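K.L.:
Please see the structure below; I have some questions.
Bear in mind these aren't lab numbers, they're just calculated from the coordinates by the rules spelled out. It should be emphasised that the depicted structure is a prediction, and the values quoted were computed from it without experimental measurement. As a convention, Cβ positions derive from the backbone with ideal geometry for all residues, glycine included, and neighbour counts pool all protein chains shown.
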Amino acid sequence: MKKIIAFAGSNSSTSINHALVSHVASTIKNCDVTVLTLTDYPLPMYGQDIENKEGFSDALVRLAAIIKDADGVLISVNEHNGTISAFFKNVIDWLSRVDGSYLSGAKVILLSTSDGPRGAQTALKYLTDFYTRKKVDIIASIPFPSFSENFDVNDRKITNQQQAKIMQDAVGLLIASL
């Protein structure tokens, strides 16, 4: 059975990106799907001195192995001041040090959301460009605009049918590519 993991690039306990990626992951059938919470893998702020002195933490090695073992990966990135959050950038920095090709074997869907009409497109573009340069196999890169208007947090589902169809089509592409 194909393995798919999903996570948000946020460290917020009320992350709308986590809500979105969890919902999209819940629509995937006939695969082993796991939703991760990146705060379960605590990492210090990356620095060469820390890496040289302490090496790679068990949490980082576990996270890298989980990602490397996945056939498909869903990532929903949040936006802080027009770019990805410092939290997620730090996770990427550590992952790239322990295994620079941690996403090389996976098919990837990139998502982003915010309460604004652009749906964190700037952070999504940054991440899409970054992973494209790393030769990651990106199946889809999708902003989800106006989260509060298009997603019911109580029912944990997309309420905008057009947006739901976009996500459904992306998941279909992912499954077909595995």
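K.L.:
What does the net charge come to around A86 if you take all other residues with beta carbon closer than 14 Å to its beta carbon, with K and R at +1 and D and E at -1?
P.N.:
Counting the neighbours of A86, the net charge comes to -1.
K.L.:
From the C-alpha gyration tensor of the stretch 84-178, pull out the three semi-axes of the equivalent ellipsoid (sqrt of 5λ each), sorted largest to smallest, in whole Å. Don't jump to the answer; show the numbers that get you there.
P.N.:
On the way: eigenvalues 127, 59, 24 Å².
Each semi-axis is the square root of five times an eigenvalue, giving 25, 17, 11 Å.
K.L.:
222 nm [θ] for the chain, helices only, -39500 (n - 2.57) per DSSP H run of 4+, per residue, to 500?
P.N.:
-13000 deg cm²/dmol, from helical runs alone.
K.L.:
Highest first, please rank the peptides 50-56, 21-27 by the mean number of other Cβ atoms sitting within 10 Å of their residues.
P.N.:
Descending mean neighbour count gives 21-27, 50-56.
K.L.:
What does the charge add up to near D115, with Lys and Arg as +1, Asp and Glu as -1, over the other residues with Cβ less than 12 Å from its Cβ?
P.N.:
Values: positive: R118; negative: E79, E149.
Counting the neighbours of D115, the net charge comes to -1.
K.L.:
Right, next: Okay, which of the stretch 83-119 sit inside 15 Å, backbone N to the point 7 Å along the Cα-Cβ direction of V153?
P.N.:
Hits in the stretch 83-119 for V153 at 15 Å: 113-116.
K.L.:
Mind listing the long-range amide H neighbours of F144? Cut-off is under 5 Å, sequence gap 5 or more, other chains count too, H placed in the peptide plane at 1.01 Å from N.
P.N.:
S112, T113, S114
K.L.:
Lysines within cross-link reach of K125: Cα-Cα under 19 Å, excluding same-chain residues under 8 positions apart?
P.N.:
Within reach: K89, K107, K134, K135.
K.L.:
Turning to a different aspect of this structure: Of M167, A8, H18, which is farthest towards the positive pole of the chain's charge dipole, taken about the Cα centre with +1 and -1 on the beta-carbons of Lys, Arg and Asp, Glu respectively?
P.N.:
M167
K.L.:
Give me a comma-separated list of calculated 3J(HN,Hα) values for the stretch 139-148, in order, Karplus coefficients 6.51, -1.76, 1.60 applied at θ = phi - 60°, integers in Hz, x for any Gly or Pro.
P.N.:
Working through the residues one at a time gives 7, 7, 9, 10, x, 10, x, 6, 3, 5 Hz.
K.L.:
Same structure, new question: Would you mind counting up the charge near V24? Only other residues with Cβ under 12 Å from its Cβ, with Lys and Arg at +1 and Asp and Glu at -1.
P.N.:
+1
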